[in-house]
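First comes the structure, then the notes that go with it.
The values are calculated or read from the model by the stated rules, or taken from the named source; none is laboratory data. Quantities reported herein were computed from a predicted structural model and do not represent experimental measurements. Every residue, glycine as well, gets a Cβ built from its backbone with ideal geometry; the counts of neighbours run over all protein chains shown.
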Amino acid sequence: MLVAPSILSADFGRLAEEVRAICDAGCDLVHVDVMDGHFVPNMTIGPVVVEAVAKAATKPLDVHLMVEDNNFFVDLFAPLKPEFISFHLESERHPDRLMHKIRDLGIRPALVLNPHTLPEMTEYLLEGLDMVLLMSVNPGFGGQKFIPQVIEKAKRLKDLIEKRNPDCLIEVDGGVSDRNIAELKAAGVDVAVAGSYVFKHPQGYAEAIASLKQ
Ligand code: DX5
Ligand code: ZN
């Protein structure tokens with residue numbers, strides 16, 4: 001299991017230090033949540049702050065857009081060269097066009113599904129995607145309760161991926177912890193995003209990340 005701590009739960013007063021700490025603690029990706037106050041009822045950070053995150057990080061960035069104007073935000077973040085940019089199917093009229101645009105910018109495209117969106121909605125996009133992110137909470141906030149239906153959804157998505165593009169990764173985001181990680185792995189999930197579990201772990205970041213990897 002690859003682990004992508006979400007910096008939404010980090011101490012933003014010491015952001016660079018926090019980013020260095022999770023990278024030193026063995027994370028695989030640094031998950032950056034971008035919220036515009038329209039698509040989700042919360043706002044986070046823009047390219048100025050994410051540039052500082054990119055400078056501090058020794059692991060690649062995984063930028064999760066929770067915005068209405070995906071094109072605008074892809075253009076804003078592309079110069080920072082994240083490994084992945086993911087956008088929500090629910091906020092994009094032309095997902096096929098946008099995933100090709102992201103790839104043409106030299107970034108790996110990922111598509112995000114809210115809890116209600118059927119995994120079958122990805123079927124004719126999978127060949128152009130490097131990752132599908134399944135939300136296991138309603139997007140907008142850290143520290144919410146895991147929605148267990150995502151396990152069955154991951155299994156259904158895995159079947160489609162085997163058929164259409166076996167290289168495409170499955171990522172799950174929201175309420176991930178040592179209590180559901182084994183089930184997620186068994187369902188075919190490759191990348192676990194974890195915010196509050198990592199940043200509030202009593203034994204520290206390295207322990208938290210290690211407990212999700214095994
Ligand atoms: C929610 C964000 C998540 C969030 C996860 O909209 O996309 O990345 O930070 O936080 P936890 O792991 O605390 O649920
Ligand atoms: Zn996220």
- Note on the structure: Exactly one of Glu120, Glu90, Glu127 is closer than 23 Å to Val32 by Cα, assigned to a helix (DSSP H, G or I) and of a type in the set (D, E, K, R), and that one is Glu90
- Name, by its number, the condition in (1) buried (at least 20 other Cβ atoms within 10 Å of the Cβ); (2) in a helix (DSSP H, G or I) that does not hold for Lys155. (1)
- Just checking, how many residues over the range 29-48 are part of a strand (DSSP E or B), more than 15 Å from the chain's Cα centre (by Cα) and of a type in the set (A, V, I, L, M)? 1
- Query: So which pairs qualify, if the first residue must be in the range 168-196 and under 24 Å from Val19 (Cα atoms), the second must be among the charged types (D, E, K, R) and more than 15 Å from ligand 2 (Cβ to nearest atom), the Cβ gap must be under 7 Å, and the two must be at least 6 apart or on different chains?
  - Reply: Leu169/Asp130; Leu169/Asp190; Ile170/Lys158; Ile170/Asp190; Glu171/Asp190; Gly175/Lys145
- Note on the structure: Flagged in the range 155-167 as in contact (Cβ under 8 Å) with a residue 24 or more places away in the chain and either within 16 Å of ligand 1 (Cβ to nearest atom) or among the basic types (Lys, Arg) (or both), in numbering order, are Lys155, Arg156, Lys158, Arg164
- Item | Filtered residues of the range 42-59 (kept if away from ligand 2 (no atom under 15 Å from the Cβ) and touching a strand residue (DSSP E or B) at 6+ places or on another chain (Cβ under 8 Å)) | Gly46, Ala54, Ala57, Lys59
- Do we find that Val198 is buried (at least 23 other Cβ atoms within 10 Å of the Cβ) and not in a helix (DSSP H, G or I) in this structure? no
- In this structure, does Ala192 turn out to be touching a helix residue (DSSP H, G or I) at 6+ places or on another chain (Cβ under 8 Å), within 12 Å of ligand 1 (Cβ to nearest atom) and under 21 Å from Phe87 (Cβ atoms)? yes
- Message: So for the range 131-142 (the condition being at pLDDT 95 or above, outside any strand (DSSP E or B), more than 16 Å from ligand 2 (Cβ to nearest atom) and surrounded by 18 or more Cβ atoms within 10 Å (Cβ to Cβ)), does at least one residue qualify?
- Response: no
